[in-house]
Structures are given as structure tokens and as C-alpha cells.
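Quick notes on the structure that follows.
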Amino acid sequence: MRLRVLLFASLRESAGAGALELDGLPDGLTVGELKRELERLRPELGALASVRGVIATQYVSDDTALDGAHELALLPPVSGGGAVQPDYERGVFELSGAPVDPAVCQARVSHPSCGAVVLFTGTTREHSRERRVVHLEYEAFEAMAGAEMARLFEACRQQQTEHRLRMLCVHRTGVVGVGEPSVVIAVASPHRAAAFEACRFLIDALKRSLPVWKKEVYEGGEQWIGERS
């Protein structure tokens, strides 16, 4: 798929151009997936979570598919307007090349309406398969990871229809040292049972289907692991 991306204001200045010509994009790409791909390809643009997409003259959501579109405008927050707030009730997923702070993740989903916050943190073990681990290396298929995690969030909500959930999942990419978090899931709910069940569902489902792969690097060797995370 070929797409022309129009840039305005601070985005135009950061890119040094008013438009980007992108070719070879996968079919079925959503606006949100394109934004994450641009963050990877053009890091000078910065974080694009608060940037809104426009097709023709209509604002579109991040889950809008770009099939059939030839041009997309990306608009930073307008003067006098605030940044778009993450929708934790739908679920927020992020890939991070930098260390993740679990306490920050917990604070992000906390809300006065929720009496329980459950936090899962997966960290790098110093020994695995009877070998000493130096570090882990994570690789993600970014264009698919967001869409797959959105499906998992939706499945989780369908299991907890009687309870409000606020969900966040942050997964590391790149090199992760021993003792560092590789994945953090935070779930808030008015009741603890729903928060526990949702958190467990998300980590178990993530390990089965999220397109993120792990390589263990040992003293004197390395190995890709069959589990995705």
C-alpha cells in the first residue's frame, strides 16, 4: 500500500517536510499502527499518541483501517486544545525501547472509581535452562502487535461485562538486563476479583499470541525461546 502523509505545525518542522511519501505499507494497516510505525521510522517526530488522523475532512480514530486511503493528515493538538487522553477502559498497549517503571503504570490506570489495582511485572531471571543469563533481547512485529493486543483487550472486556476495567500493557523491545521488567500489565477495577482475573487473562493470552519474540543471551551462547514473551 502507498500512502501520502501530510504533516502540520510542529510535526512539519520536526520532519523538515510537509508530506511524507510511504510505500510498501502492509494492507489493513490502521491509523494507530501507522503512527507507531512512523515513531520507529522517523523518531524525530516524537510520540504520536496525541496526534489525530484525518482522512479527507473527517477526524478518524486510531483503529480506522487505511485500506483505500491514499492520503492521511496527521494533526498535532490544536491551539487551546489538550492532548487526546488514553482510553484505559478500551485498553492501552505500548511497546517501549526504554526501561519501564511499574509504579508509573499502576498510577496511570488508578482512578477514584476503582478500589483495586492489580499489577503484574515480568522480569529477567538471572538463570534459565541451567545457564546464566546475561540479558534478554526482544523483537516485536510492531505493525501487528497493537492490533493483536486490541483484540485481547476486547476479549478481556467481554469476560468482565459486569465490571468496569482500566487496562494498560507495556512490553519492552530491545535489550533487557537481568532484573529489569520486560512486560508490565496494570488493571484497575472497582472490585479486586475482576482486576485479578483480567490481569491473569491478559498475561496468559499475551504469551500465546502477541507477536513479540525473546532471545536469551547467556555467557557463551544464545537461544531464541519458543514462548513469544
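Some observations on this one:
- Most fluctuating residue given options Pro211, Pro77, Pro102, as computed from a GNM of the chain linking Cα atoms under 10 Å: Pro77
- Of Val109, Val217, Val170, the one that fluctuates the most in a GNM where the chain has Cα springs shorter than 10 Å: Val217
- Distance from the C-alpha centroid of segment 5-67 to that of segment 188-227: 29 Å, rounded to the whole angstrom.
- Our summary gives segment 3-75 a relative contact order of 41 percent, counting only alpha carbon pairs under 8 angstrom and 6 or more residues apart.
- Segment 23-165, relative contact order [Cα under 8 Å, separation at least 6], %: 24
- Volume per residue of the convex hull around the Cα atoms, evaluated for the chain, comes out as 145 Å³.
- Karplus-based coupling profile of segment 51-56, in residue order and whole Hz: 7, 9, x, 9, 10, 6, with θ = phi - 60° in 6.51 cos²θ - 1.76 cosθ + 1.60 and x standing for Gly or Pro.
- Local electrostatic count at Gly68 - Lys and Arg +1, Asp and Glu -1, tallied over other residues with Cβ under 15 Å: -1
- GNM result for the chain, Cα springs below 10 Å: residue of Ala140, Ala17, Ala198 fluctuating most strongly: Ala17
Throughout, read-outs are computed from the coordinates displayed, never taken from laboratory work. Not measured: the values here are computed from a predicted model. Backbone-built Cβ (ideal geometry, glycine too); neighbour counts: all protein chains shown.
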